[in-house]
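K.L.:
My questions will all concern the structure given below.
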Amino acid sequence: MEIKKIAVLGAGQMGNGIAHVCAQAGYEVIMRDIEQRFVDKGMETIKKNLERGLKKDRITQDEVDATLARITGELDLKAAVKDVDLVIEAIPEIVKLKLDTWREVDNFAPEHAILASNTSSISITQMAAVTKRPEKFIGMHFFNPVPVMGLVEIIKGQATDDETVKVIEEVSHKVGKKTVLVNEAPGFAVNRLLVPAINEAVFAIQEGVATVEDMDLAIKLGLNWPMGPLTLADFVGLDTLLYISDYFVEEFKDSKYRAPALLRKMVRAGWVGRKAGKGFYDYSGDEPKPMRF
Ligand code: 3HC
């Protein structure tokens, strides 16, 4: 089966990145969100990120123009998926929202289309089960920032067939990513490690072990991470981290995955990281300023 046209559901942080790399690889892309302002913001981000490449002579103006010309914005779900070969969903991590969306997509998308979720933790099998094509349902987990990060974690649900895995491996390779194949389990491979690691850094802050900037510097230089764990927490979004931690506790039935109280308090305050202008750092000035706890 050859994939030519892809619908990306969600134009946010992950969705616009996925639309960007798919269009740059030559696929026809429909980027769908529920309001025009979200679609416009997604398109703006794609333009900005393509221009980074242009400034560094990584791509030509013709490639930028051709990439942008391959992306169409859309608000209507039916119109977005009606004649595509692959649907990649990158909508918020809310189980009910995902299940409702997949039921609709399953009704509107052509029978041959593969359905892929970019979920960071939710069960692929649970989502596949609300469709009439669980064998064509798969997890396709990209990493932020999508144009830069080299991995797609491919997650096989209980009923996913080998042909679907093969097609999604090919698409991932064509968009320039390496792949790992993971059998379904909460958090798959990467977030199972990453989320407890970030939580442990937050526990350390909560207990007064180190300041935010020292914890970040320690891990950045001591472990050679590109970003310290608290900078990364702000980058991923504290709401997402809390959601995943709570989901882990529920799924693994193991309190070792519990979120620190500080993380929950910050989410309740709306300090969810870079996108909110405040998290473990305050982003209102020229340089991020570490917060005191
Ligand atoms: N979009 C596109 N390109 C970007 C970008 C963005 N948002 N941010 C940076 N870049 C590009 C830059 O243009 C630059 O390109 P070049 O190599 O061609 O010059 C390159 O990335 C490096 O950027 P900078 O020099 O500006 O900055 P850094 O060297 O600090 O790199 C970073 C920035 C790539 C974000 C790096 O800090 C990093 O890798 N951080 C860790 C990111 C990470 O761990 N992501 C995974 C999060 S977990 C996740 O997504 C899963 C989810 O389920 C929770």
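K.L.:
How many of the residues making up the range 16-37 are outside any strand (DSSP E or B) and either within 13 Å of the ligand (Cβ to nearest atom) or under 18 Å from Lys78 (Cβ atoms) (or both)?
P.N.:
11
K.L.:
Here is a list: Gly208, Gly157. Which entry is among the small types (Gly, Ala, Ser) and in contact with a helix residue (DSSP H, G or I) (Cβ under 8 Å, 6 or more places away or on another chain)?
P.N.:
Gly157
K.L.:
Related question: Hey, can you tell me all the residues within the range 191-202 that are closer than 16 Å to Tyr281 by Cα and either without any contact (Cβ under 8 Å) to a residue 40 or more places away in the chain or among the aromatic types (Phe, Trp, Tyr) (or both)?
P.N.:
Scanning the range 191-202 gives a single hit, Ala201.
K.L.:
Answer yes or no as to whether Val236 is at pLDDT below 95 and in contact with a strand residue (DSSP E or B) (Cβ under 8 Å, 6 or more places away or on another chain).
P.N.:
Taking the combined requirement at face value, the residue satisfies it.
K.L.:
Spot the failing condition for Phe235; the list is (1) within 15 Å of the ligand (Cβ to nearest atom); (2) buried (at least 21 other Cβ atoms within 10 Å of the Cβ), and only one is missed.
P.N.:
It fails just one condition, (2).
K.L.:
Are any residues in the range 1-28 polar (S, T, N, Q) and either under 20 Å from Glu111 (Cβ atoms) or surrounded by 22 or more Cβ atoms within 10 Å (Cβ to Cβ) (or both), and if so, which ones?
P.N.:
Within the range 1-28, Asn16, Gln24 qualify.
K.L.:
Within the range 134-183, count every residue that is surrounded by 14 or more Cβ atoms within 10 Å (Cβ to Cβ), outside any strand (DSSP E or B) and within 16 Å of the ligand (Cβ to nearest atom).
P.N.:
Residues meeting the conditions: 9.
K.L.:
Here's something else I'd like to know. Taking interchain pairs and intrachain pairs at least six residues apart, which have beta carbon atoms under 6 angstrom, with the first residue in the range 6-24 and small (Gly, Ala, Ser) and the second assigned to a helix (DSSP H, G or I)?
P.N.:
The qualifying pairs are Ala7/Ala80; Ala7/Val81; Ala11/Phe38; Ala11/Val39; Ala11/Gly42; Ala23/Thr67.
K.L.:
Looking for something buried (at least 22 other Cβ atoms within 10 Å of the Cβ), assigned by TED's automatic domain parsing to the domain that holds Ser117 and in contact with a Leu (Cβ under 8 Å, 6 or more places away or on another chain) - is there at least one such residue anywhere in the range 213-225?
P.N.:
Checked against the condition, which is being buried (at least 22 other Cβ atoms within 10 Å of the Cβ), assigned by TED's automatic domain parsing to the domain that holds Ser117 and in contact with a Leu (Cβ under 8 Å, 6 or more places away or on another chain), the range 213-225 yields no hits at all.
K.L.:
Need at least 3 residues that are within 19 Å of Met14 (Cβ to Cβ) per element, so show me which helices (runs of 4 or more DSSP H) inside the range 190-288 make the cut, counting only ones lying wholly within it.
P.N.:
Qualifying helices (runs of 4 or more DSSP H): 190-206, 229-236, 238-252.
K.L.:
May I ask you to say which residue of Asp57, Asp65 is of a type in the set (D, E, K, R) and outside any helix (DSSP H, G or I)?
P.N.:
When all the criteria are applied, what remains is Asp57.
The values are calculated or read from the model by the stated rules, or taken from the named source; none is laboratory data. Just so it is clear, the model here is predicted, and its values are computed rather than measured. Neighbour counts are summed over all protein chains in view; Cβ atoms, including those assigned to glycine, are modelled from backbone coordinates with ideal geometry.
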